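See below for the structure under consideration.
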Amino acid sequence: MFDPREKIALFIDGANLYATSKALGFDIDYKQLLVYFQEKGYLLRAYYYTALIEDQEYSSIRPLIDWLDYNGYRVVTKPAKEFTDSTGRRKVKGNMDIELAIDAMELSDTVDHMVLFSGDGDFRTLVEALQRRGRKITVISTVSSQPSMIADDLRRQADNFVDLNSLRSEIGREPSERPQRLPVESYDDEDDEY
């Protein structure tokens, strides 16, 4: 599926990949994910897209975003929009499809093989446009969960489909293996940033 001479770019729809791995019962080891694709060809870029709620004092995703940013990923974020729906429930909306699509189109003259981590059917048109430019597209999601996490038309459009569950041993880790954060009191230098 991969030619070792290919220039590869990863496009990770963060919310979609999180939901997919959670449905399969494991976490993504992002360090291993980079290693896995570096062994497949020349990994030119790895993008991670997510929306953030700006007014929260602490966001559970912030440590991941910071780690990714310092460890080989290009993190693309934007503020999530909060609103109240017609039933009075608070909703958060943070769609990153346009940002991902623009980056993919801009890189299409440089990259041979694009790997999309998303099952969102909205990306079918993007995949088709990239294929017209001669790019190979692999989509990674799953059909192993109930319900399936990939839109059928996206799966059919892609040159290759890889079920995330088949990569579990290479890029996954059990939720119990999550690194534990040290309590703030255990840091002995007040000037350290963390």
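Worth a mention:
- Region 132-159, subset within 15 Å of E6 (Cα to Cα) and not charged (D, E, K, R), residue surrounded by the most Cβ atoms within 10 Å (Cβ to Cβ): I137
- Residues of region 123-145 that are in contact with a helix residue (DSSP H, G or I) (Cβ under 8 Å, 6 or more places away or on another chain) and assigned to a loop (DSSP other than H, G, I, E, B): T142, V143, S144, S145.
- Scanning region 146-170 for residues that are within 13 Å of F117 (Cα to Cα) and either of a type in the set (A, V, I, L, M, F, W, C) or assigned to a helix (DSSP H, G or I) (or both) turns up M149, I150, A151, L154, R155, A158, F161, V162, L164, N165, L167.
- Residues considered: F26, F2, F11. Of these, the only one that is over 16 Å from the mean Cα position of the chain (by Cα) and touching a residue at least 60 places away in the same chain (Cβ under 8 Å) is F2.
- Restricting region 86-116 to residues that are over 17 Å from the mean Cα position of the chain (by Cα) and small (G, A, S), the residue that is farthest from I137 (Cα to Cα): G88
- Considering region 23-122, the qualifying strands (runs of 3 or more DSSP E), each wholly inside and each with 2 or more residues that are among the aliphatic types (A, V, I, L, M), surrounded by 11 or more Cβ atoms within 10 Å (Cβ to Cβ) and at pLDDT 95 or above, run over 42-52, 74-79, 113-117.
- Verdict on T20 being closer than 20 Å to V127 by Cβ and within 13 Å of the chain's Cα centre (by Cα): yes
- Close pairs from region 128-149: first farther than 20 Å from F37 by Cβ, partner buried (at least 16 other Cβ atoms within 10 Å of the Cβ) and acidic (D, E), Cβ under 9 Å, at least 6 apart: G134/D112; V143/D163; S144/D163
- Qualifying position, being over 16 Å from the mean Cα position of the chain (by Cα) and under 15 Å from F11 (Cα atoms), among R124, R155: R124
The values are calculated or read from the model by the stated rules, or taken from the named source; none is laboratory data. As the structure is a prediction and not an experimental result, all values here were calculated from the model. All Cβ positions, glycine included, derive from the backbone under ideal geometry; neighbour counts span all protein chains shown.
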